[in-house]
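One structure is given here, and the rest of the page talks about it.
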Amino acid sequence: MTKRRRIYEGKAKVLFEGPEPGTIVQYFKDDATAFNAQKKGTITGKGVLNNRISEYLMTKLGEIGVPTHFIRRLNMREQLVREVEIIPIEVVVRNVAAGSISKRFGLAEGTPLPRSVVEFYYKNDQLGDPMVSEEHITAFGWASPQDIDEVMALALRVNDYLTGLFLGVGLRLIDFKLEFGRLFEEDRMRIVLADEISPDNCRLWDARTNEKLDKDRFRQDLGKVEEAYQEVAKRLGILPDGPGDHAAPKMMQ
Ligand code: UDP
């Protein structure tokens, strides 16, 4: 087996050099962290499920014309993506109050927001990903005003589409985090959706019971963490490959 060059190890993924120039292999780990990595643990099978869930959502988004870095899934834990220059901003879209917005504004968890809200955080673990405004982003040169407009428009399209998709399988999309990258093609630069979309970076509640089916189960020690990730995959009609890869993805009604 040829050993690929490891480019970067993050909290939930390892990035390897891809087989062709301009490609990267994302390897999904079972490691979980919360509260800026102060809480650490393992969610058995999470990497396999997130690889599948992110493949599914990125593919669906690609089909409606949202440009993404996703190329194809390679195996249970790996997917091939385009190499992009990551914009160092975490883009959070919120529909319902939970997590940090509840704390910041004293809003009870579960309060619907008057409209979808987009927030930006500077991607910097040492600083604990501080919230930033467009002013900071443009003044420090992390992105141009045009980049921000593009990112906002894409984030809202993703929100509209995923809200409907999840509701269709009985899940409420409370909030989520996206990352974007710049893709350079000949003399053109395009902004594309990057990273992953999974229960690690979305809040998903059961539409009937409001049961949490995302990483909050790990953050808040609610138990049944693995089961929550499995439930999301099951509702989306995708389950990890069985031994020997016999099981084809099956749509659930
Ligand atoms: N989120 C994330 N990575 C981060 C911070 C937040 O994926 O570093 C996601 C989180 O899962 C949630 C949304 O972004 O779906 C909003 O998170 P929030 O600001 O409420 O922070 P948290 O409660 O996670 O500290």
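A few points about this structure:
- The ALA207 and GLU186 beta-carbon pair, evaluated with R₀ = 45 Å, returns a calculated FRET efficiency of approximately 0.50.
- Relative contact order (percent, whole number), the chain, Cα cutoff 8 Å, 6+ residue spacing: 17
- In plain terms, the residue of ILE148, ILE86 with the fewest other Cβ atoms within 10 Å comes first and the most crowded comes last, giving ILE86, ILE148.
- Which of GLN146, TYR122, LEU167, positive extreme of dipole for the stretch 112-177 (C-beta unit charges): LEU167
- Cα convex hull volume per residue for the chain (Å³): 146
- When the alpha carbon gyration tensor of the stretch 96-171 is reduced to an equivalent ellipsoid, its three semi-axes come out at 25, 18, 11 angstrom, largest first.
- Per-pair calculated FRET efficiency, R0 = 45 Å: PHE105 and SER144 via Cβ, rounded to 0.05: 0.95
- Chymotrypsin sites (Phe, Trp or Tyr not before Pro) lying in DSSP loop within the stretch 13-71, provided at most 11 other Cβ fall within 10 Å: PHE35
- In terms of surrounding Cβ atoms within a 10 Å radius of their Cβ, THR68, THR138 rank from fewest to most as THR138, THR68.
Here, each number is a calculation from the coordinates, and none is a lab measurement. The shown structure was predicted, so the numbers you read here are calculated from the model rather than taken from an experiment. Counting neighbours? That spans all protein chains shown, and the Cβs are built from the backbone with ideal geometry, glycine included.
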